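Let me begin by presenting the structure, written as structure tokens, before commenting on it.
The values are calculated or read from the model by the stated rules, or taken from the named source; none is laboratory data. Computed from a predicted structure; not experimentally measured. Cβ sites come from the backbone with ideal geometry, for glycine too, and all protein chains shown count toward neighbours.
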Amino acid sequence: MNTGRTHLILLLVTVAAMGVSVASWTRAAASRLAESQGKLPEVATASASDMNYCSGDLKVILKRVLTSCGLTTGGSTRGCQPLQARQVASMSGGDFNALFSPLADRAAIIQFDKDSADLDAASAVLLEQTFSDRRGASYFFVVSRASPEGSTEHNRDLSHRRGTAVLDHIRAKFQDPDIDQEVGLLWLGEEFAQLDQQFCQWKRSRSGDGCGTAELNRSSFIAWIDCRL
Amino acid sequence: MAYGLPTMPQPDVRQQPAGAASPRKTLIVLAVFALAGVVFAAVSSYDFIAHLDRQVHAITCSIVPGLGAKDASGSSGCHTVLMSPYSSVWRDMTWGGIPIALPAFGVFAFLLFRAVDLLLRKRMVRVETSFMVAATALPVLTSIIYAFISATRIGTFCKVCVGIYVSSLGVFVAAIAAHVLTPASPERKSNVLSQWAFYFVEGLAIVALPLLLYLTLKPAYSDSLLQTSGLRHPDDKYGVMLDVPGGGQVPSVEVLDPLCPACKAFSERLSASGLADRLQIKMILFPLDKECNWMVGESLHPGACAVSEALLCAGPRASAVLDWAFAHQEELRARGAQGQPAIYTRIKQQFPDLAGCVGQPAVRARVNKGLRWIVANSLPVLTPQLFVRNQKLPDEDTDLGLDYVLSRVLAQTSNEVRR
């Protein structure tokens, strides 16, 4: 075989091998692209959390409270008074408290002095820690109470002031524009769903002090609720 | 067949026979290195071309292609180099640009062809070996430039690229040896030039062929792919967006995780594209770290929550913190995996003035607000994401297609603004 012919054959083999390779790779990519058109990507979409404890019952109560207490409707009414809370919950105080038992890791009890609605330093720290540990939760509940000393009317007002003190503090500290849509405020006075001794085991702002039902109920129970409605 | 006889320069019959076997042996070595170069360049080209379907692919990252598992995680140097702005040219003219590996494929194929062609001849002359020296200098020079870029700009090497560098050096050394060992012979200057011109044109054709085929057959980018949803709530009502320095005018939002390698590579590509200068970017943090982000079951980038806090704490100096985080991503992720105290300690060591801010409830709440902004906009759980004038750059186009697609988005949006 002469030099020129060998040269030509080699050249053709080289060109053909390259051409076939590049053409097949490129057309395969074009074919895959065409097949993928219109298919939705398999990527999760960002959403608020919806934990296992968000039972149907809890969601029903949550929705009633949020609606009746003026949160989801954006109305001017903020919070539920004891009578409203009882009506909204449509259940006994014990059952109402039981709804919150799965929140032991998420909740805290902000304790107050007797006949006082002033947050002390430890309460402020625990409140800030709890509120900042929001994660994917959508709603923050503040459920304030009072111990039975004094008149019912006075305790109703006292628990209202305690709840408001908590709300004012987080409003000032965190400047969250959504606060009116995410904080559910209930003040129960001494009348409904009082905390019993088992809540002494929960995170409290005065965990070093003695814990009786009187001390427990001079408080605001706070918790982020990881439920999506 | 009369191919080449009238025009193709033939060996001078007055030449002395090729001295012994030594030049031939070196030509065999040259052919082996050229073949290796063909394989490495082909593998690299194949991996690049596979990405023209706008999907994610595992890529070869082994010094012996075919052996060893492919990199599916995107953590290898090969992936970093492939996705870097230096893996292809003319990216703003065609989606992905033209991969550098493709002309390399042609060059090595040409060298292999020349080496085999010479080996099959009975005589070798210096005009041919000298051309081989010149031809092999091209891949060597390119390899030196790219090795320098890898070391100084990209910060990592890819094994397949190293294979190309070694092959380049091998063919060059072998070509010099073949030339030195081939006996000198008298040549007319015009004869030398015509032979060189012939070989050059032949080489040019072999290099151009794959490029032409690639450009002709590569998938076309349809404008319909740009029809993406925008942000439902683009306003920064939580005050958590950070300004990225720059003099651009086009309002843009970049969603990123400071410890995400893809975000770092994206920032580098955006910067290298020159298009970042036209954007007025606001950055929103989306750490894919379960310490603060409930949307991920496992921390993809441990430590990202703490670093995000540092960015928010830094405020106007956030870009300095981001540069540092990008430069130390691997180390920071390793510290993050050790636990929050380890990552906070490292941040405080680097930025003592942020010590009173990171880890505090206020800044943790700000990180959370950023995540809520992402939820409010129903964004996919991935980073990076770029919105230009509230139009999303398709996620599939944030890597190789960035220059091309962003150019089109900018042109499209500026046309809309004019209307």
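Remark: residue A:121 matches the filter, which requires a residue to be at pLDDT 80 or above and over 13 Å from residue A:166 (Cβ atoms).
Looking across B:81, B:56, one residue alone is more than 30 Å from residue A:6 (Cα to Cα), of a type outside the set (Asp, Glu) and touching a residue at least 60 places away in the same chain (Cβ under 8 Å). It is B:81. Only residues that are in contact with an Asp or Glu (Cβ under 8 Å, 6 or more places away or on another chain) and among the acidic types (Asp, Glu) were counted in the range A:158-182, giving 2. Restricting attention to the range B:306-327, does a residue exist that is surrounded by fewer than 23 Cβ atoms within 10 Å (Cβ to Cβ), closer than 19 Å to residue B:84 by Cβ, among the small types (Gly, Ala, Ser) and touching a helix residue (DSSP H, G or I) at 6+ places or on another chain (Cβ under 8 Å)? No, the range B:306-327 contains no residue that is surrounded by fewer than 23 Cβ atoms within 10 Å (Cβ to Cβ), closer than 19 Å to residue B:84 by Cβ, among the small types (Gly, Ala, Ser) and touching a helix residue (DSSP H, G or I) at 6+ places or on another chain (Cβ under 8 Å). Of the residues in the range B:280-326, how many are closer than 24 Å to residue A:136 by Cβ and among the polar types (S, T, N, Q)? Matching residues across the range B:280-326 total 3. Set side by side, the residues B:252, B:273, B:229 differ, and just one is at pLDDT below 90 and in contact with a Leu (Cβ under 7 Å, 6 or more places away or on another chain), which is B:273.
Any chance the range A:177-190 includes a residue that's crowded, with 17+ Cβ neighbours inside 10 Å, at positive phi and assigned to a loop (DSSP other than H, G, I, E, B)? The answer is yes; a qualifying residue exists.
Filtered by the rule that a residue be at the interface with chain A (Cβ under 9 Å from one of its Cβ atoms), within 24 Å of the chain's Cα centre (by Cα) and not aliphatic (A, V, I, L, M), the range B:83-129 gives B:105, B:106.
Test residue B:192 against the stated conditions and say whether it is buried (at least 16 other Cβ atoms within 10 Å of the Cβ) and without any contact (Cβ under 8 Å) to a residue 40 or more places away in the chain.
Values: buried (at least 16 other Cβ atoms within 10 Å of the Cβ): yes; without any contact (Cβ under 8 Å) to a residue 40 or more places away in the chain: no.
In short, no.
Quick one: is residue B:380 within 8 Å of another protein chain (Cβ to nearest Cβ), over 31 Å from the mean Cα position of the chain (by Cα), at pLDDT below 95 and surrounded by fewer than 21 Cβ atoms within 10 Å (Cβ to Cβ)? So residue B:380 does not fit the description; no. Looking at the range B:195-232, which of its residues are under 28 Å from the mean Cα position of the chain (by Cα), farther than 30 Å from residue B:377 by Cβ and surrounded by fewer than 15 Cβ atoms within 10 Å (Cβ to Cβ)? Once the filter is applied, which keeps residues that are under 28 Å from the mean Cα position of the chain (by Cα), farther than 30 Å from residue B:377 by Cβ and surrounded by fewer than 15 Cβ atoms within 10 Å (Cβ to Cβ), the range B:195-232 yields B:204, B:205, B:208, B:212, B:215, B:216, B:220. When we screen A:14, A:26, A:45 for residues that are surrounded by fewer than 14 Cβ atoms within 10 Å (Cβ to Cβ), within 8 Å of chain B (Cβ to nearest Cβ) and of a type in the set (Val, Ile, Thr), the only hit is A:45. Within the range A:133-184, restricting attention to residues that are touching a Lys or Arg at 6+ places or on another chain (Cβ under 6 Å) and within 11 Å of residue A:220 (Cβ to Cβ), the residue that is nearest to the other protein chains (Cβ to nearest Cβ) is A:144. Only a single item in (1) within 15 Å of residue B:263 (Cα to Cα); (2) in contact with an Asp or Glu (Cβ under 8 Å, 6 or more places away or on another chain); (3) not basic (Lys, Arg) is not met by residue B:340, and it is number (1). Exactly one residue out of B:35, B:52 is within 14 Å of chain A (Cβ to nearest Cβ) and at pLDDT 95 or above: that is B:35. Could we say that residue A:6 is under 20 Å from residue B:116 (Cβ atoms), within 9 Å of chain B (Cβ to nearest Cβ) and β-branched (Val, Ile, Thr) here? So residue A:6 passes the test.
Condition check ((1) modelled with pLDDT of 75 or more; (2) within 24 Å of residue B:376 (Cα to Cα)) across all residues:
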{"site": "A:9", "(1), (2)": "yes, no"}
{"site": "A:30", "(1), (2)": "yes, no"}
{"site": "A:35", "(1), (2)": "yes, no"}
{"site": "A:45", "(1), (2)": "yes, yes"}
{"site": "A:48", "(1), (2)": "yes, yes"}
{"site": "A:59", "(1), (2)": "yes, yes"}
{"site": "A:70", "(1), (2)": "no, yes"}
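Look at (1) of a type in the set (A, V, I, L, M); (2) more than 10 Å from chain A (Cβ to nearest Cβ); (3) in contact with a helix residue (DSSP H, G or I) (Cβ under 7 Å, 6 or more places away or on another chain); (4) in a helix (DSSP H, G or I) and you find that residue B:184 fails only one, number (4). Candidates in the range B:147-183 are the residues that are at pLDDT 95 or above and of a type in the set (Ser, Thr, Tyr); of these, the one that is surrounded by the fewest Cβ atoms within 10 Å (Cβ to Cβ) is B:165.
For the structure I just gave you, tell me whether residue A:157 is assigned to a helix (DSSP H, G or I), of a type in the set (D, E, K, R) and either farther than 28 Å from residue B:367 by Cα or in contact with a strand residue (DSSP E or B) (Cβ under 6 Å, 6 or more places away or on another chain) (or both).
Against the criterion (assigned to a helix (DSSP H, G or I), of a type in the set (D, E, K, R) and either farther than 28 Å from residue B:367 by Cα or in contact with a strand residue (DSSP E or B) (Cβ under 6 Å, 6 or more places away or on another chain) (or both)), residue A:157 qualifies.
Exactly one residue out of A:121, A:108 is touching a helix residue (DSSP H, G or I) at 6+ places or on another chain (Cβ under 7 Å), within 30 Å of residue B:292 (Cα to Cα) and among the hydrophobic types (A, V, I, L, M, F, W, C), and it is A:108.
Checked against the criteria, residue B:408 counts as touching a residue at least 24 places away in the same chain (Cβ under 8 Å) and more than 14 Å from chain A (Cβ to nearest Cβ).
Residues that are assigned to a loop (DSSP other than H, G, I, E, B) and more than 9 Å from chain A (Cβ to nearest Cβ) within the range B:356-375 comprise B:356, B:357, B:358, B:359, listed in sequence order. Among all residues of the range B:72-91, there is none that is modelled with pLDDT of 95 or more, in contact with a helix residue (DSSP H, G or I) (Cβ under 7 Å, 6 or more places away or on another chain) and part of a helix (DSSP H, G or I).
Within the range B:387-404, does at least one residue satisfy the condition of being at pLDDT 90 or above, over 25 Å from residue A:29 (Cβ atoms) and among the aliphatic types (A, V, I, L, M)? Yes, some residue in the range B:387-404 is at pLDDT 90 or above, over 25 Å from residue A:29 (Cβ atoms) and among the aliphatic types (A, V, I, L, M).
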